[in-house]
Amino acid sequence: MDISKKSLLTPAEAAKLLHVAPTTIRHWAQIGRLPFISTPGGHRRFDKKDILALMSPPKTDVKNEFSILIIEDDQAFADMLTQFLENLFPHAKIKIAYNPFDAGDLLHTFKPDVVMLDLMMAGMDGFSICHRIKSTLATSTIKVLAMTGAFTDSNVNKVMALGADTCFGKPLDFTLVEKTIKQLLEQKKAISQF
């Protein structure tokens, strides 16, 4: 009989559907991973719905998933910042753009929720990148966290006027970075619930 028309499957049929050995199916039944019923003769039968549930990808908690793009030409600093963020936010997807070409490409293909943007980079003007992000409809909702070693009132005011959500001085206060990203994510979560 065609498996597609049956609702109860033998271990062999279940194994075929899942592309595993029948012994694997029996093991899963023994450890409780796969529910089954027993026939009067003592044979296991598996509900097709339970088999299909095993085949579907695990449901992830979407609320914890978000993406961060680091735009920074100092590779050692960017790598260190990535490690810090990965430890803090294990569910985050993080990418680095070390040059303006990668930055432009990743803004549109990676579609980050948060951009950590260095303002002073060789061959890249962080101020114009911030302006481009905030003035382009497709990227205007991205949260921009500017970073600079030249932490002056003039630079802070300029980047905030261009739409940055905040500006950090370098060396970074990692406690403040963590707190700020968590607040931005809470705001985003609150907005997405409406």
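No value in this document is a laboratory result; all are computed from the given coordinates. What you see is a predicted model, and the numbers here were worked out from it, not measured in a lab. Heads up, the Cβs are rebuilt from the backbone with ideal geometry, glycines too, and the neighbour counts pull from every protein chain shown.
Worth a mention:
- A crude spin-label estimate for the pair Glu86 and Ser135, with each label 7 Å from Cα along the Cβ direction, gives 3.6 nm.
- Net charge dipole size for region 3-55 [Lys, Arg +1 and Asp, Glu -1 on Cβ; Debye, nearest 20]: 100 debye
- Distance in nm between pseudo-label sites at Met120 and Ala76 (7 Å out along the Cβ direction from Cα): 1.7 nm
- The stretch between Ser154 and Lys182 holds 7.4 nm of extra length on full extension. This uses 0.36 nm per residue minus the Cα-Cα distance.
- Local charge for Ile71 was computed over the other residues whose Cβ lies under 15 Å away, with Lys and Arg +1 and Asp and Glu -1, and equals -4.
- Between helix 174-192 and the chain there is an angle of about 60 degrees, using the helix long axis and the longest principal axis of the Cα atoms.
- Farthest towards the positive end of the charge dipole of the chain, among the residues Asn99, Ala21, Ile129, is the Cα of Ala21, using unit charges on the Cβ of Lys, Arg, Asp and Glu.
- Using every pair of separate Cα atoms, the Kirkwood estimate puts the hydrodynamic radius of the chain at 20.2 angstrom.
- Amide H within-cut-off set for Ile94, under 5 Å, with H built and near neighbours excluded: Ile68
- Dipole of the chain, positive direction: furthest Cα of Leu119, Phe151, Ile51, with charges on the beta-carbon: Ile51
- Residues in region 91-102 carry Karplus couplings, in order, of 8, 6, 9, 10, 10, 10, 10, 8, 8, x, 5, 4 Hz; the curve used is 6.51 cos²θ - 1.76 cosθ + 1.60 with θ = phi - 60°, and Gly or Pro positions show x.
- The chain - charge dipole about Cα centre, Lys and Arg +1 at Cβ, Asp and Glu -1, debye rounded to 20: 1380 debye
- Built amide H within the under 5 Å cut-off of Val115, gap 5+: Leu69, Lys143, Val144, Leu145
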